[in-house]
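Sharing a structure with you now.
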Amino acid sequence: MKHKKIVSLLLAFVFSCSLMSFASAEPQHKDIEGHWAKETMIRAFNDGYIVGMKDGSLAPNGVINRAQVATILNQVFKNTKSVDLSGKTDIPSDAWYYNQLEKATYLGFIATYSRAIMIKNLIRQDAFVILGSAFGITEANPDESRLESFKDTDKITAIYRKAAASFVNHEIAVGADGNLMGSKNVTRAEFLTMLYKILDTRTLYDCTSEEVDLGEDGSHVVHSYELKELKAEGKYDTVSLLQQQGDVEIALESADALIIGAGGGDVHVVSGEFGAVDVTGSGRSATISTDVPKLGIAGKNNTVIIDKETTVDTLYLTDYSSENRVIVNGTVNKAVVNGKNTKFEGTGTVKDVTVNAPGVSGRVAPEDVHPLEDATIELNAPSPLPAGQALNISAKVSGLPEGDATGQWYVNGKPFGGQITVSNGNNYVCSPTVEYSKNMDTHLNAELEIIYCDGSVFEVMSKSTDVVLENYPAEYYRKIDIARVNDTITSYQYQATITTNGNAYKESNLTGWLCEIQKGMKVTCLTPVNTSTVKVLLPNGYKGWVSTGAIRTGSGNYTLPSDFDNDDKVLWVNSRNYSSSTNYLVWVSLACQKVNVFTGSAGNWKLDKVFPCATGAYSTPTPPGTYKISYKQSRWQYNGYWCGPVTGFYNGYAFHSWLNTNSGGAYDHTMGRPVSHGCVRMKDPDAQFMNRLPYNTTIVIY
């Protein structure tokens, strides 16, 4: 084992209510018999990395979360330092893992302050990211070709993909049945297996290390509160620097990769042959004074200096990097910039560049050379833009020097269209589609970025403009919403069968031909069937009107599984101009089996209460229509049961309680589906509320 620098390593899964002591000399681990990770689990237990549960089991298939991972890794690195998270997290300070999160935040491998996320089951791709950051394994631009051998890696993006590729390439992560299973919960056995693979293949220097001599070859991970001296003179596989403080120089013979991860302090790469140098932490400072074939930058707010007489073949800034500063005093043969707000400086040379991100700025050229100092971009855009009109933003470029210049439009910070070749005197048009909605953002930003690179000097310039978008008036969206709500809110939804060949129409008076209907076609009735025409939902998705005589209805409960949206209810009632002689209005929704009580006045009704109910069965329906509260009785008595109080609204139809036995028990307490003889049954207290409503209150049955 190469993690010999850690004299005593205690890894413990911390479970808030299920820890046991080591008192059991021979615990019975029956749950690992025949398990694929049996040897790993036994090894972890014997090494003191985990403890058994109360019954002696090791739960290899149990899940793990960030709180437990933070505890484990803090112990791996012997971390005792922390940051103060007071006021930054919703985690109570007495939570068992609160201090562990403070410690993990100090080292930078856990990036959340959320209680919900800390205790949520960890999935495999999250484990890749956390372990990759903690041990400096994730590369800025790893070879992703091996990911293509897995069937499910198209679902992994951005930093997850970089971490997954790094773990697969280093054979730390493997899949099953051709899948990498990035979204699957990671088990304790899987986590321990990955942890052992890392510790067994890397020499680890924990946070207490101050003077480090990498000594032998292989891979090395350097954690340190303050790294005072680093000796590195041999040939290495991967060297990962994660010190919190301490400026270090790297002068070695060779290394496949140098990864400058989370932490602080300046790193000066003085000499050596490197396969790649990656700056994956944030807020790091690195100076490169030796030629490297690949230099990758991830994270945020890093400063990377490419020294004089130093050549970088390919400079790569990842798509999840931002706010990085690159000073090129040497030579970059090819730069690929996917990180937003990257700033370039320096007096060296960038021979070729591809920019795929907004906010890139600066120039790399001798101090007295300013290739774009006379260049201008003139933008022309309407502001404000009247609602509904097409948006066209034009740009005219002038003053460009000879050489290659490319342009890229950005709309609200996102690339719009592909890159264009830019020359003097031509107009370039950006025509983004404006998506209108009730609560749309009425400000749009458009930017044209021009990248000039003639093989010796490189400079970026841009010009942006803000466009004010006039939205449609509120009445416009009200009409749209009313049309939508009137199409959404329906009465009973009976299933029915078309009995004769004919036509469906757009209007209820059977005008405006919609489509043909055929005998035997199954449809759903969206309006009551006691009128001459009925609105139906057809198999092709159309909603149209047919003659009631052209359908045969079935029977049964067609109550909708969920209630209508409350805001839609309010809009529907007010759009239909219902009025009431009192300050109350009641709508009984037959489709949802709900009694909706509104307060206010015509055109200004507000939903106050919603009660479940049971209306008339299919054979004895509650009659749709508009009525008023016209009579009240204390109860209706029947043979063996009673209901009451009774609030009548039309002949013998009324609101009343569900059916109770004479002894006070439940005779029929069915709610939420049509079962009555036409009345509206409600729970006892709800029926009492209805009985207190004033006479002449409008009752809508629909």
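The values are calculated or read from the model by the stated rules, or taken from the named source; none is laboratory data. No experiment lies behind these values; they were computed from the predicted model shown. Counting neighbours? That spans all protein chains shown, and the Cβs are built from the backbone with ideal geometry, glycine included. Please note that ligands, DNA and RNA were not included when accessible areas were found on the heavy atoms of the full protein model with its side chains. Shrake-Rupley method; radii C 1.70, N 1.55, O 1.52, S 1.80 Å.
Can you pull out the residues in the range 330-353 that are open to solvent by 10 Å² or more (accessible area, probe 1.4 Å) and farther than 18 Å from P371 by Cβ?
We begin by selecting, within the range 330-353, every residue open to solvent by 10 Å² or more (accessible area, probe 1.4 Å); these are 331, 333-334, 336, 338, 340-341, 343, 345-347, 349, 351-353.
N333, K334, V336, N338, K340, N341 - these are the residues of the range 330-353 that are open to solvent by 10 Å² or more (accessible area, probe 1.4 Å) and farther than 18 Å from P371 by Cβ.
On the given criteria, is K438 open to solvent by 80 Å² or more (accessible area, probe 1.4 Å) and not in a loop (DSSP other than H, G, I, E, B)?
Spelling it out, it is not the case that K438 is open to solvent by 80 Å² or more (accessible area, probe 1.4 Å) and not in a loop (DSSP other than H, G, I, E, B).
A further question follows. How many residues are in a strand (DSSP E or B) and charged (D, E, K, R) if we restrict to the range 305-345? It would help to see each step written out before you state the result.
Start the filter on the range 305-345 by keeping residues that are in a strand (DSSP E or B), which leaves 305-306, 311-317, 322, 325-328, 331-337, 340, 343-345.
From what's left, charged (D, E, K, R): 313, 325, 334, 340, 343, 345.
Selection size over the range 305-345: 6.
Identify, please: which residue in the range 524-554 is hydroxyl-bearing (S, T, Y) and more than 18 Å from Y618 (Cβ to Cβ) and is, among those, surrounded by the fewest Cβ atoms within 10 Å (Cβ to Cβ)?
S532
Yes/no matrix, rows are residues, columns are (1) farther than 29 Å from S224 by Cβ; (2) assigned to a loop (DSSP other than H, G, I, E, B); (3) open to solvent by 80 Å² or more (accessible area, probe 1.4 Å); (4) at pLDDT below 90:
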site	(1), (2), (3), (4)
V7	no, yes, yes, yes
F45	yes, no, no, yes
G52	yes, yes, no, yes
A59	yes, yes, no, yes
K78	no, yes, no, no
T89	no, yes, no, no
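While we're on this one: I'd like to check something: does the range 293-313 contain any residue that is of a type in the set (V, I, T), buried (at least 18 other Cβ atoms within 10 Å of the Cβ) and more than 22 Å from T349 (Cβ to Cβ)?
no
I'd like to verify a number: residues in the range 522-553 that are at pLDDT below 90, over 22 Å from G625 (Cα atoms) and in a loop (DSSP other than H, G, I, E, B), how many?
Number of matching residues: 1.
Within the range 118-137, take every residue that is of a type in the set (D, E, K, R) and touching a strand residue (DSSP E or B) at 6+ places or on another chain (Cβ under 9 Å) and give me the one that is farthest from L199 (Cα to Cα).
Across the range 118-137, the extreme among qualifying residues is K120.
Continuing with this model, one more query. Please determine whether any residue of the range 555-569 is open to solvent by 50 Å² or more (accessible area, probe 1.4 Å), over 20 Å from C592 (Cβ atoms) and modelled with pLDDT under 95.
no
Could you list, in sequence order, the residues of the range 570-582 that are surrounded by fewer than 22 Cβ atoms within 10 Å (Cβ to Cβ) and in contact (Cβ under 8 Å) with a residue 24 or more places away in the chain?
Listed by number, the residues that qualify are V570, L571, N574, S575, N577, Y578, S579, S581, T582.
Of the residues that make up the range 360-377, is at least one in contact (Cβ under 8 Å) with a residue 24 or more places away in the chain, more than 24 Å from F274 (Cα to Cα), surrounded by fewer than 21 Cβ atoms within 10 Å (Cβ to Cβ) and in contact with a Lys or Arg (Cβ under 6 Å, 6 or more places away or on another chain)?
yes
Then there's this: With the checklist (1) at pLDDT below 95; (2) over 28 Å from N574 (Cβ atoms); (3) open to solvent by less than 60 Å² (accessible area, probe 1.4 Å) in hand, flag the one item V467 doesn't pass.
Of the numbered conditions (1) at pLDDT below 95; (2) over 28 Å from N574 (Cβ atoms); (3) open to solvent by less than 60 Å² (accessible area, probe 1.4 Å), the odd one out for V467 is (1).
Kindly indicate the residue of the range 206-229 that is hydrophobic (A, V, I, L, M, F, W, C) and surrounded by 24 or more Cβ atoms within 10 Å (Cβ to Cβ) and also farthest from D291 (Cα to Cα) among those meeting that condition.
L227
Given the options A255, A251, A189, A176, name the one that is of a type in the set (A, V, I, L, M, F, W, C) and modelled with pLDDT of 95 or more.
A255
Pick from the range 669-702 the residues that are among the small types (G, A, S) and outside any loop (DSSP other than H, G, I, E, B): which of them is surrounded by the fewest Cβ atoms within 10 Å (Cβ to Cβ)? Can you show your working first?
Step one: of the range 669-702, the residues among the small types (G, A, S) are 672, 676, 678, 687.
From the residues that got through so far, the ones that are outside any loop (DSSP other than H, G, I, E, B) too are 676, 687.
Values: S676: 22, A687: 24.
This residue is S676.
Please verify whether S322 is of a type in the set (S, T, Y), in contact with a strand residue (DSSP E or B) (Cβ under 9 Å, 6 or more places away or on another chain) and farther than 23 Å from P358 by Cβ, treating the condition exactly as stated.
So S322 fails the test.
Hey, can you tell me all the residues within the range 38-60 that are touching a His at 6+ places or on another chain (Cβ under 8 Å), closer than 30 Å to S183 by Cβ and either of a type in the set (D, E) or touching a residue at least 24 places away in the same chain (Cβ under 8 Å) (or both)?
Residues satisfying the conditions are M41, G52, S57, L58, P60.
Oh, and also: Please work out which one of (1) without any contact (Cβ under 8 Å) to a residue 60 or more places away in the chain; (2) in a loop (DSSP other than H, G, I, E, B); (3) crowded, with 17+ Cβ neighbours inside 10 Å is the condition S491 fails and give its number.
Evaluating S491 over (1) without any contact (Cβ under 8 Å) to a residue 60 or more places away in the chain; (2) in a loop (DSSP other than H, G, I, E, B); (3) crowded, with 17+ Cβ neighbours inside 10 Å leaves (1) as the failure.
For S423, state whether it is small (G, A, S), part of a strand (DSSP E or B), within 14 Å of E378 (Cα to Cα) and free of Cβ contacts under 8 Å to residues at least 40 places away in the same chain.
The answer is no for S423.
Sort out which residues of the range 630-660 are hydrophobic (A, V, I, L, M, F, W, C), free of Cβ contacts under 8 Å to residues at least 40 places away in the same chain and open to solvent by 10 Å² or more (accessible area, probe 1.4 Å), and write them in order of number.
Result: W636, W642, L659.
Could you tell me whether D237 is charged (D, E, K, R) and in a strand (DSSP E or B)? Break it down stepwise before answering.
Numbers: charged (D, E, K, R): yes; in a strand (DSSP E or B): yes.
So D237 fits the description; yes.
Let me ask another. What pairs come up if the first residue lies in the range 306-322 and is touching a residue at least 24 places away in the same chain (Cβ under 8 Å), the second is open to solvent by less than 50 Å² (accessible area, probe 1.4 Å) and basic (K, R), and their beta carbons are under 9 Å apart, counting only those six or more places apart or on different chains?
Going by the 9 Å Cβ cut-off, the qualifying pairs are T318/K162; Y320/K162.
Okay, moving on. For the range 279-292, how many residues meet the condition of being open to solvent by less than 10 Å² (accessible area, probe 1.4 Å) and either among the small types (G, A, S) or closer than 16 Å to D266 by Cβ (or both)?
5
Might you let me know whether the range 68-85 holds any residue that is among the aliphatic types (A, V, I, L, M) and farther than 24 Å from V221 by Cα?
yes
Which condition breaks for W409 when tested against (1) under 26 Å from I327 (Cα atoms); (2) modelled with pLDDT of 95 or more; (3) open to solvent by 40 Å² or more (accessible area, probe 1.4 Å)?
W409 satisfies all of (1) under 26 Å from I327 (Cα atoms); (2) modelled with pLDDT of 95 or more; (3) open to solvent by 40 Å² or more (accessible area, probe 1.4 Å) except (3).
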